[in-house]
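Some notes on the structure that comes next.
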Amino acid sequence: MTTPPLATGAPPPGAPDLVTTAPQAPIRGRSAEVPPARAAGGGPSRLRALDGLRLLAALMVAAYHFGGRNGEISQAWGGSPAHQFPTAAPLFAYGCLGVQIFFVISGFVICLSGWGRTLRAFTASRVSRLYPAYWAAILLVTAVFALPWVAYKALPPSEVLTNLTMLQQPLGVDRVLGVCWTLWAEMRFYALFALCVVLPGATRGRVVLFCAGWTLAAALAQAAHQPFLDTVLMPEYAPFFIGGVGLYLLHRYGARDPIAWAIVLVSWLIGQHYAVAGLWHAPSADAFSYRSTAGIIAVVTLGFALVAAVALGKLRWANWRWLTVAGALTYPFYLVHEHLGWVVVRALHHGIGLPSYATLLLTVALMLLLAWVLHRFVERPLTPLLRRSIDPRR
């Protein structure tokens, strides 16, 4: 199994719901705020643009996994991807930053979808969104890797079963899916947000306090060097989730909110620090690629800026219906593309003899097709069933 680069991802990003931006009425007996009408008027075009960003982030990660790193993908290509893509490989190496963009998007959408919900409804939405496609991907990758002509080794049955819980990382079990480490980060974010915001009832004040408290606590955890605090507070990922939450506050209450802007600015400053610290290294002939400090900061900044453009309604024109489909395919594509992509690349490049770029494009297309199959025949029937089983009142 692969070892994760710093904050690749996502991710996968996690997998936020497709939700409307209309304000929800306060729930009786709980403290909830209705946003100003002028700030809550965003229609589906905003979320369609956000779906487009999710697909862009997923494709960035796919470019990284197929052409921006060494490891098992080198076996599939029959050599380093740097030889297959001598011009593009240095750019593909920045694709791992797609996970940071996933986390920013996740912060935005989880705050949006959790506002006004009960803890049970929020839990039902998260579990039903994450697990059906995840279970299918685990079983599918395990089955393919167990085939005698596939060069990659499947995990033992006990470890595969443990992977179905999505808790394999804290339990010290190998991962079936290399990308699923980002889902562990997402789950911890969901838990923090649920306990601090959803359970007492979302208000602007509570969300601001959550962002400020988590930012400070994460900085202290970094200074303390305590593994438990690092696990809970995730200093290296927290600024991206928090930045997304701050951007949602701008979306909900308008661009003249200085506190929300402060949350976003501080999150960007801390986030770029962690991205550079984790991904930059001195130029070396032994390294697969070299990411410049300026390049890393530029990609992180672009991610924040694009989500900010959605939050502030600057991308309302991107109201194409196909973006909704793209958003629906992003999560299953993210889950299956890496490991099954190795098998497809090997078959197309060595078995059929397709050129490198043709192999890359066809592999991505086939993974998107598989993602559609998983969405159509796994997610669509199982997600509402699982949601109702957890929250029958819906």
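The values are calculated or read from the model by the stated rules, or taken from the named source; none is laboratory data. Predicted, not measured: the structure shown is a model, and the values here were computed from it. To get the accessible areas, we keep the full protein, side chains included, count just its heavy atoms, and leave off ligands, DNA and RNA. Shrake-Rupley method; radii C 1.70, N 1.55, O 1.52, S 1.80 Å.
Summary table below
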| read-out | value |
| --- | --- |
| Relative pair counts by distance (%), Cα atoms of the chain, 20 Å bins | 28, 59, 12, 0 |
| Prolate/oblate/rounded call for region 250-321, Cα gyration tensor, a/c under 1.5 rounded | oblate |
| Share of carbon and sulfur in the accessible heavy-atom surface of the chain [1.4 Å probe, %] | 68 percent |
| Probe 1.4 Å, all protein chains present, accessible-area order of V336, V208, largest first | V208, V336 |
| Euclidean distance of C-alpha centroids, region 338-388 and region 96-169, integer Å | 16 Å |
| Helix-derived mean residue ellipticity, 222 nm - over the chain, DSSP H n ≥ 4, -39500 (n - 2.57), to 500 | -20000 deg cm²/dmol |
| Three-way shape label, region 200-277, alpha-carbon gyration tensor, a/c 1.5 | oblate |
| Whether region 261-394 is rounded, prolate or oblate, judged on the alpha carbon gyration tensor where a/c under 1.5 counts as rounded | oblate |
